[in-house]
Amino acid sequence: MVVFLMGGLGGQAGEWWNLSPTLGCMAPLYWCREELGPDYSKGYGLKVPFSPLSGSRAHSTASVPSKSSRKEKKVTVRYDSLEGGIAEKEETDSKRLKWEPGNWRQQLDNIREMRRNKDAPVDQMGAEKCFDSSAPPEVMRYQVLLSLMLSSQTKDQVTSAAMLRLREHGLTVDNVLQTDDVTLGQLIYPVGFWKNKVKYIKQTTAILKQQYGSDIPSTVRELVNLPGVGPKMAHLVMNIAWNNVTGIGVDTHVHRISNRLKWVKKETKTPEETRVALEDWLPRDLWSEINWLLVGFGQQICLPVNPRCKECLNRHICPAAKRC
Ligand code: SF4
């Protein structure tokens, strides 16, 4: 978490500070760039640091703890909300520094071990595998966006087959705009909500042609403004298409498993709530890996119904494990 301090804490007025729980301390931002990684401001041309909480730019804080009451003081973080406008969050910095789920590193290592063979459907047919890697960069990016639009509420096998048909048809902005809705529907059927997706694909593709020179936008804010594109999709697009980690892509698997393992402070009701909760404590250098790890884990072992706890390396340290 990056905040802008007006002074105090032994720093200079106007310094940016990182409240990363992984450092266990507050340190000026220039000490922390390595931890934030090369994506610290990549792709945004930022003059202000990037806020991992919102996938957007942090603005400022107002409260400055005095030396004697440092632990009790609160830090106000202001950020661009994805819904538009400015959101604020106030938290005690000492609490922010401390909370993380118990055993999470061991649980993560176990999941890595269980995912070692990379043989889940997502490994063969996920969005990273569906685009034509020999196509021009803007076409590849368009195909990444399309595969993610098709993938919601749809099994990877079905998305992959639809992408294959689209690519054989010619998956470029111009080709899709010239394709009538009936044909497009036949090409993507039976992906979930295919009728709505035909509409969204056509609308989004027209916007890309008119406003982005047939490329896709390079910010989360612009991506979520496209019809049929939500925050989860936007962060995955940023990661895969632009190689820029802006947030955690939380789908139904990541949402379910994060709650089973108690990787969220309080139970979360929606994937979007889970994304915010995870980004609050999970080190940023794991944000990209976590989606891939948990999706495959959820497809093979931690199933939505009847998880295979007996085969799971986490069965002794998972709060949701079936003990029988
Ligand atoms: S023990 Fe069961 S519920 Fe827990 S992570 Fe493993 S499969 Fe999922």
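The values are calculated or read from the model by the stated rules, or taken from the named source; none is laboratory data. This structure is a prediction, so every number in the text was calculated from the model and none was measured. All Cβ positions, even for glycine, are placed from backbone atoms using ideal geometry, and neighbour counts span all protein chains on display.
In the range 261-298, how many residues are closer than 19 Å to A321 by Cα and crowded, with 18+ Cβ neighbours inside 10 Å?
Of the residues in the range 261-298, the ones closer than 19 Å to A321 by Cα are 261-268, 293-298.
Keeping just the survivors that are crowded, with 18+ Cβ neighbours inside 10 Å gives 261, 263-264, 268, 293-298.
Count: 10.
Kindly indicate whether N244 is assigned to a helix (DSSP H, G or I) and buried (at least 20 other Cβ atoms within 10 Å of the Cβ). Spell out the reasoning first.
On the way: assigned to a helix (DSSP H, G or I): no; buried (at least 20 other Cβ atoms within 10 Å of the Cβ): yes.
In short, no.
Condition test on T183, is it in contact with a His (Cβ under 6 Å, 6 or more places away or on another chain), at pLDDT 95 or above, over 23 Å from M125 (Cβ atoms) and not acidic (D, E)? Before you say what the answer is, go through the steps one by one.
Numbers: in contact with a His (Cβ under 6 Å, 6 or more places away or on another chain): no; at pLDDT 95 or above: yes; over 23 Å from M125 (Cβ atoms): yes; not acidic (D, E): yes.
Answer is no for this residue.
Which members of the range 172-222 meet the condition of being of a type in the set (D, E, K, R) and within 18 Å of M233 (Cα to Cα)?
In the first step, residues of the range 172-222 are kept if they are of a type in the set (D, E, K, R); the result is 174, 180-181, 195, 197, 199, 202, 209, 215, 221-222.
Result: K197, K199, K202, D215, R221, E222.
Return the residues of the range 202-220 that are surrounded by fewer than 16 Cβ atoms within 10 Å (Cβ to Cβ) and in contact with a Gly (Cβ under 9 Å, 6 or more places away or on another chain); say none if nothing qualifies.
Q203
Does at least one position in the range 307-318 carry a residue that is basic (K, R) and buried (at least 18 other Cβ atoms within 10 Å of the Cβ)? Walk me through it before giving the result.
Just the residues of the range 307-318 that are basic (K, R), to begin with: 308, 310, 315.
Right, trim to buried (at least 18 other Cβ atoms within 10 Å of the Cβ) and you get none.
Among the residues of the range 307-318, not one is basic (K, R) and buried (at least 18 other Cβ atoms within 10 Å of the Cβ), which makes the answer no.
For the range 244-267, which residues satisfy the criterion of being without any contact (Cβ under 8 Å) to a residue 24 or more places away in the chain and more than 16 Å from the ligand (Cβ to nearest atom)?
Answer for the range 244-267, where residues must be without any contact (Cβ under 8 Å) to a residue 24 or more places away in the chain and more than 16 Å from the ligand (Cβ to nearest atom): just K266.
Tally the residues that are free of Cβ contacts under 8 Å to residues at least 24 places away in the same chain, in a helix (DSSP H, G or I) and near the ligand (Cβ under 8 Å from one of its atoms), restricting the search to the range 288-317. Please lay out each step first, then the result.
The first filter runs over the range 288-317 and keeps only residues free of Cβ contacts under 8 Å to residues at least 24 places away in the same chain, leaving 289, 303, 305-306, 308-311, 315-316.
Narrowing further to those that are in a helix (DSSP H, G or I): 289, 309-311.
From the residues that got through so far, the ones that are near the ligand (Cβ under 8 Å from one of its atoms) too are 309, 311.
Adding up the residues that qualify gives 2.
So which of M140, M163 ends up being assigned to a helix (DSSP H, G or I), under 25 Å from the mean Cα position of the chain (by Cα) and buried (at least 21 other Cβ atoms within 10 Å of the Cβ)? Please lay out each step first, then the result.
On the way: M140 fails: buried (at least 21 other Cβ atoms within 10 Å of the Cβ).
After applying the criteria, what remains is M163.
Considering only the range 192-201, I want to know if a residue exists there that is surrounded by 20 or more Cβ atoms within 10 Å (Cβ to Cβ) and under 22 Å from N243 (Cα atoms).
No: the range 192-201 contains no residue that is surrounded by 20 or more Cβ atoms within 10 Å (Cβ to Cβ) and under 22 Å from N243 (Cα atoms).
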